[in-house]
Amino acid sequence: MSRRKPLWRMFFALMAMVLLMTGCGDKTMNIFEPKGTAGEQQLDLVMLSVYIMLFVFAVVISIYVYVLVRYRQRPGDDAPPKQVEGNTMIEVLWTAIPVILLIILAIPTVSTTFSLAKEPPEEDSIRVKVTAYQYWWMFEYPDLGIRTSQELHIPVGKKVFLELESKDVIHSFWVPNLGGKTDTIPGKTNTMTLDAKEPGVYEGRCAELCGAGHALMNFRVIAEEQEDFDKWVASIKNPKSQPVNALAKEGQEVFSQNCMGCHAIEGADMKVKGDKAPDLTGFGNRTTIAGFLPNDKESLVRWLEDPQSLKPGTEMPAYNHLDDKKMDALVEYLTNLK
Ligand code: CUA
């Protein structure tokens, strides 16, 4: 009876591991359920290496078990057994087979990597310049003349050609369901082509340890039908940035005195357009604050009062010196930017 216990423990440990490894079924960050061409090609590469590993595992374990059984010590055997040294045939085999397996792995890996980095041939593909900062993302659409932060909008079914750069340290752009990881490196531009085959909100992460706020350097890819994408582009080109009421008007004052040196809002008649922090044009339409907090008034106040405790290492200073009235006004102004 007591000899069974370790087996049960091992069984539960294995089950726990399986649950952990599948992320308990999280579908928003799962490379095994690709929703775009790049993700599908990368999954094919992952599966190819998994099959090769399984093949190697099966062969090695079979030989191992065979040798254990076939050459086990029997009564009357000499000890120690006859010593042998070197076997040219076996050595050639165990050098040649891994080389062949590596070539099988290398050819599709190299060709896929290069083809994903190549500029897409489609005339109507969308070009986006991605710039990583500690700890947020800027997305510029040079052909459309717009920019945004934290949430990358793309039309479904179109190839999106990304030119990735960094303003400070090395980060890595990763959208598990769509593709990645592609490093963003200061002074160098990496490229990658993505697409989304169905509309949806795809979670993105920074996949390179880049400092204290790395774990919260989240972003989202919002894939929508062409019509909705066009509406979004129009809303960024002609944003509703004028204060909607007296309180918001006061909030705009607070913004221009405190925030404008770093943040920009298009169409808000402001003389300085900051470039050191996320562009806040259309902020009220975003799904998150700072990439990871829900976009509601309560979270916005928490973020403005003490960003450091929420995202360690952020450049965003605390605005806990604003009195309640000014804070209310600022929040009213920001949440109504559409
Ligand atoms: Cu940026 Cu990790």
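The values are calculated or read from the model by the stated rules, or taken from the named source; none is laboratory data. Only a predicted model underlies this, so the values are computations on that prediction, with no experimental measurement involved. FYI the Cβ positions are ideal-geometry reconstructions off the backbone, even for glycines, and counts take in every protein chain you see. Side chains are part of the model used for accessible areas, which takes the heavy atoms of the whole protein and leaves out ligands, DNA and RNA. Shrake-Rupley method; radii C 1.70, N 1.55, O 1.52, S 1.80 Å.
Among the residues of region 142-160, write down those that are part of a strand (DSSP E or B), touching a residue at least 40 places away in the same chain (Cβ under 8 Å) and more than 16 Å from the ligand (Cβ to nearest atom).
Ile146, Arg147, Thr148, Glu151, His153, Ile154, Pro155
Determine the pairs where a residue that is on the phi < 0 side of the Ramachandran plot and not assigned by TED's automatic domain parsing to the domain that holds Trp136, located within region 242-264, has a partner that is open to solvent by 60 Å² or more (accessible area, probe 1.4 Å) and β-branched (Val, Ile, Thr) with Cβ atoms under 9 Å apart, the partner being 6 or more residues away or on another chain.
The qualifying pairs are Ser256/Val272; Met260/Val272; Gly261/Val272; Ala264/Val272.
Starting from residues that are surrounded by 14 or more Cβ atoms within 10 Å (Cβ to Cβ) and among the polar types (S, T, N, Q), keep the ones in region 210-238 and report whichever is nearest to the chain's Cα centre (by Cα).
Ranking the candidates gives Asn218 first.
Being over 19 Å from Arg127 (Cβ atoms) and within 15 Å of the ligand (Cβ to nearest atom) is the filter; apply it to region 199-209 and report the residue that is most open to solvent (accessible area, probe 1.4 Å).
Only one residue tops the list, namely Leu209.
Here is a list: Ala212, Ala132, Ala196. Which entry is within 16 Å of the ligand (Cβ to nearest atom) and outside any strand (DSSP E or B)? First the steps, then the outcome.
Working: Ala132 fails: outside any strand (DSSP E or B); Ala196 fails: within 16 Å of the ligand (Cβ to nearest atom).
Exactly one residue qualifies, and that residue is Ala212.
Please determine whether any residue of region 45-67 is in contact (Cβ under 8 Å) with a residue 60 or more places away in the chain and either open to solvent by 60 Å² or more (accessible area, probe 1.4 Å) or part of a helix (DSSP H, G or I) (or both).
yes
Which of the residues spanning region 132-157 are farther than 21 Å from Asn285 by Cβ and open to solvent by less than 40 Å² (accessible area, probe 1.4 Å)?
Scanning region 132-157 gives Ala132, Tyr133, Tyr135.
Quick one: count up the residues across region 233-242 that are within 21 Å of Thr288 (Cα to Cα) and either part of a loop (DSSP other than H, G, I, E, B) or in contact with a Gly (Cβ under 8 Å, 6 or more places away or on another chain) (or both).
The total comes to 6.
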